[in-house]
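Please read the structure below before turning to the comments.
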Amino acid sequence: MTQSAAAQKPPATPRRLDPEDAQTALAEVQERLRRQQLVADLVHRQEEGDAKATLVEDLVHRQHEAELKTLLDGLHPADIAFILESLPKDERQAIWKLVSPEHDADVLLEVEDWVRESLIEAMDRQDLVAATGNMDADELADLAPDLPPDVVAEVQKGLTEEERAQLLEAMGYPEDSVGAIMDFEMVRVREDVTLEVVLRYLRRLHELPDHTDQIFVVDRQDKLQGILPLSRLLVSEPETEVRAVMNADFLTLNPLDSDADAAGAFERYDLVSAPVMDDQGRLIGRVTIADVVDVMREDSQEQALSRAGLQEEDIFAPVTTALRNRAPWLLLNLCTAATASFVASRFEGTVSHIVILAFLMSIVAGIGGNSGNQTMTLIIRALAMGRITGRNLWQLVKRELFVTLLVGLCGSLVAALFAWVISRSMSIALVMMAAMICNMLVGASVGVLVPMVRARFGKDPAMGSSVLLTFATDSLGFFIFLGLATIFLL
């Protein structure tokens, strides 16, 4: 290109990706939808059959749709997905109809599962086939469980034999496995060619697969021999053979490995991509940092919901759906609270004689729960990272109990001082101190045992853990505090 021609071409304007941009766009979409609804309400208040009012409504509606479509066309698919997730179902469907068809596939891949189902329901068969027809095998495998079977069958007809085999292979792996998230697009070379040949091969490609930081060296049976980092390819002499500069020591994943284990390996070794090999040593795919970030985010969200006994749901879902999701653990929480109240009621005589105990016992229960929650958070995190084994379990338990004891001694001195100030009784202060230390140790023990036992039986260690912890620290906290008061103060 000549200098004059280059000068005529306007410089590219970089697009800044910022989460606040998506929130600003969401606010603008909501405002336009509000105005559109306001116009519709005004028209409906006019006399029925008013043709002029109906024409005005139609014109305003088209104008708002055109403005919304222009706004959506300028957004990244991830930002469009954020907007759809943040709208009630009716408004979500209205905005989804305005999304450009060329973005349909990317948006479907970006949105959460509970939103994707409603979007797919709103699309007819022809639109679904058009949206998914150009997807890679691994992307199509992600959507396949939510797509109608006839759409999946129709899309398969347009795939090559290799792509069809990849699709069936990806769909055959468990949901939380490496095979379910691996990518089939990667660059492979032989070890007996020179780097100049590799460079010429790369130049013939339309573009490199996303997150390509290394090239995989395979033999004629596709067995992985080593990896060639792009950085080494660029700085080495072109006449050098691949075998001379490739790394023969590298990390590999198996398609049946847990995706959480793969995420831990990426975090530990600062990986950008990693090869996936079958049991025969053949290279069948790769996992990239983009896939791992999604796994980490989903695991974090599931863990946060599980601790409260919740499952992922549409925040605008029907009330009946929300009830089915939340009611079971709330009812369990009600039973645990009733048990704690029953324990306290057994000491009615003690509380009636020393009324100040009724104000202090909630402190004992609350501090025990907070202490146990700290321990439980650490244990769940350690389990997720695979840092707890049979060899270090008892050592970890002893450490947590010792730390809790030290913290309890310090905190109980403050609590005892507070109890003495409001009661002017050293006996009550000492009982408060002893009860707080004991209940904090109870909280720490439950914080260790509940996640460990659930993990031992293959259950989510975070599911409902906070409910069970509250039950233990409330019931036993009341029992310990009021029991000690009964023994030493009456």
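Just checking, does region 284-292 include any residue being within 19 Å of the chain's Cα centre (by Cα), in a strand (DSSP E or B) and farther than 30 Å from L468 by Cβ? Break it down stepwise before answering.
The first filter runs over region 284-292 and keeps only residues within 19 Å of the chain's Cα centre (by Cα), leaving 287-292.
Pick out the ones that are also in a strand (DSSP E or B) and you get 287-288.
Now restrict to residues that are farther than 30 Å from L468 by Cβ: 287-288.
Yes: one or more hits.
Tell me which residues, restricted to region 450-466, are of a type outside the set (K, R), open to solvent by 60 Å² or more (accessible area, probe 1.4 Å) and at pLDDT 80 or above.
V453, F457
One line per residue, one yes/no per condition, for (1) on the phi > 0 side of the Ramachandran plot; (2) open to solvent by 40 Å² or more (accessible area, probe 1.4 Å); (3) touching a helix residue (DSSP H, G or I) at 6+ places or on another chain (Cβ under 7 Å):
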| residue | (1), (2), (3) |
| --- | --- |
| I380 | no, no, yes |
| R387 | no, yes, no |
| F418 | no, yes, no |
| R424 | yes, yes, no |
| M432 | no, no, yes |
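List the helices (runs of 4 or more DSSP H) that sit entirely inside region 112-173 and contain at least 3 residues that are over 15 Å from P101 (Cβ atoms), free of Cβ contacts under 8 Å to residues at least 40 places away in the same chain and touching a helix residue (DSSP H, G or I) at 6+ places or on another chain (Cβ under 7 Å). Break it down stepwise before answering.
Numbers: elements: 113-121, 125-132, 137-143, 149-157, 161-171.
Per the criteria, 137-143, 149-157, 161-171.
Test T375 against the stated conditions and say whether it is open to solvent by 60 Å² or more (accessible area, probe 1.4 Å) and within 26 Å of the chain's Cα centre (by Cα). Break it down stepwise before answering.
Numbers: open to solvent by 60 Å² or more (accessible area, probe 1.4 Å): no; within 26 Å of the chain's Cα centre (by Cα): yes.
No.
Which one is modelled with the highest pLDDT, of the residues in region 332-370 that are open to solvent by 70 Å² or more (accessible area, probe 1.4 Å) and under 34 Å from the mean Cα position of the chain (by Cα)?
Applying the filter and picking the extreme gives N370.
Quick one: would you say V276 is without any contact (Cβ under 8 Å) to a residue 40 or more places away in the chain and part of a strand (DSSP E or B)? Let's see the steps before the verdict.
Values: without any contact (Cβ under 8 Å) to a residue 40 or more places away in the chain: no; part of a strand (DSSP E or B): yes.
Spelling it out, it is not the case that V276 is without any contact (Cβ under 8 Å) to a residue 40 or more places away in the chain and part of a strand (DSSP E or B).
Being at pLDDT below 90, under 30 Å from E298 (Cβ atoms) and open to solvent by 80 Å² or more (accessible area, probe 1.4 Å) is the requirement here; does P10 meet it? Show your work before the answer.
On the way: at pLDDT below 90: yes; under 30 Å from E298 (Cβ atoms): no; open to solvent by 80 Å² or more (accessible area, probe 1.4 Å): yes.
Against the criterion (at pLDDT below 90, under 30 Å from E298 (Cβ atoms) and open to solvent by 80 Å² or more (accessible area, probe 1.4 Å)), P10 does not qualify.
I'd like to verify a number: residues in region 375-428 that are outside any helix (DSSP H, G or I), of a type in the set (K, R) and under 26 Å from E302 (Cβ atoms), how many? Walk me through how you get there before you give the answer.
The first filter runs over region 375-428 and keeps only residues outside any helix (DSSP H, G or I), leaving 386-392, 424-425.
Remaining after also requiring of a type in the set (K, R): 387, 391, 424.
Applying the additional criterion that residues be under 26 Å from E302 (Cβ atoms) yields 387.
Number satisfying all stated conditions: 1.
Among the numbered criteria (1) surrounded by 14 or more Cβ atoms within 10 Å (Cβ to Cβ); (2) of a type outside the set (A, V, I, L, M, F, W, C); (3) more than 34 Å from the chain's Cα centre (by Cα), which one does N325 miss?
Only one criterion is unmet by N325, namely (3).
Just name the residue that is modelled with the lowest pLDDT out of those in region 467-490 that are open to solvent by 40 Å² or more (accessible area, probe 1.4 Å) and within 24 Å of V397 (Cβ to Cβ).
L468
(1) over 23 Å from A165 (Cβ atoms); (2) open to solvent by 30 Å² or more (accessible area, probe 1.4 Å): which one isn't true of H206, the others all being true?
(1)
Looking at region 194-221, I want the residues that are assigned to a loop (DSSP other than H, G, I, E, B) and have a partner that is at pLDDT below 90 and of a type in the set (D, E) with Cβ atoms under 9 Å, at least 6 apart or on another chain. Which pairs are those?
Pairs that qualify, where the first residue is assigned to a loop (DSSP other than H, G, I, E, B) and the partner is at pLDDT below 90 and of a type in the set (D, E): there are none.
Among the residues that make up region 258-271, is at least one of them assigned to a loop (DSSP other than H, G, I, E, B) and either touching a residue at least 24 places away in the same chain (Cβ under 8 Å) or open to solvent by less than 30 Å² (accessible area, probe 1.4 Å) (or both)? Explain how you work it out, then say what you get.
Filtering region 258-271 down to residues assigned to a loop (DSSP other than H, G, I, E, B) leaves 270-271.
Remaining after also requiring either touching a residue at least 24 places away in the same chain (Cβ under 8 Å) or open to solvent by less than 30 Å² (accessible area, probe 1.4 Å) (or both): none.
Checked region 258-271: no residue is assigned to a loop (DSSP other than H, G, I, E, B) and either touching a residue at least 24 places away in the same chain (Cβ under 8 Å) or open to solvent by less than 30 Å² (accessible area, probe 1.4 Å) (or both).
Got a number for residues in region 434-444 being under 21 Å from I380 (Cα atoms) and either open to solvent by 40 Å² or more (accessible area, probe 1.4 Å) or among the acidic types (D, E) (or both)?
Result for region 434-444: 1.
Does E191 qualify as being free of Cβ contacts under 8 Å to residues at least 12 places away in the same chain and assigned to a loop (DSSP other than H, G, I, E, B)? Break it down into steps so the answer makes sense when it comes.
Working: free of Cβ contacts under 8 Å to residues at least 12 places away in the same chain: no; assigned to a loop (DSSP other than H, G, I, E, B): yes.
In short, no.
Pick out the one residue from D106, D58, D90 that is open to solvent by 50 Å² or more (accessible area, probe 1.4 Å), over 23 Å from D146 (Cβ atoms), assigned to a helix (DSSP H, G or I) and among the acidic types (D, E). Steps first, please.
Details: D106 fails: over 23 Å from D146 (Cβ atoms); D90 fails: over 23 Å from D146 (Cβ atoms).
Within the list D106, D58, D90, the selection yields D58.
Identify, by number, the condition in (1) in a helix (DSSP H, G or I); (2) surrounded by fewer than 20 Cβ atoms within 10 Å (Cβ to Cβ); (3) in contact (Cβ under 8 Å) with a residue 24 or more places away in the chain that G447 doesn't meet.
(2)
Take E67 and decide whether it is surrounded by fewer than 18 Cβ atoms within 10 Å (Cβ to Cβ), over 27 Å from the mean Cα position of the chain (by Cα) and part of a helix (DSSP H, G or I). Break it down into steps so the answer makes sense when it comes.
On the way: surrounded by fewer than 18 Cβ atoms within 10 Å (Cβ to Cβ): yes; over 27 Å from the mean Cα position of the chain (by Cα): yes; part of a helix (DSSP H, G or I): yes.
So E67 passes the test.
The values are calculated or read from the model by the stated rules, or taken from the named source; none is laboratory data. Note that the coordinates shown come from a computational prediction; the quantities given were computed from them, not determined experimentally. Note that we place each Cβ from the backbone using ideal geometry, even for glycine, and neighbour counts take in every protein chain shown. Ligands, DNA and RNA are excluded from the accessible area calculation, which covers all protein heavy atoms including side chains. Shrake-Rupley method; radii C 1.70, N 1.55, O 1.52, S 1.80 Å.
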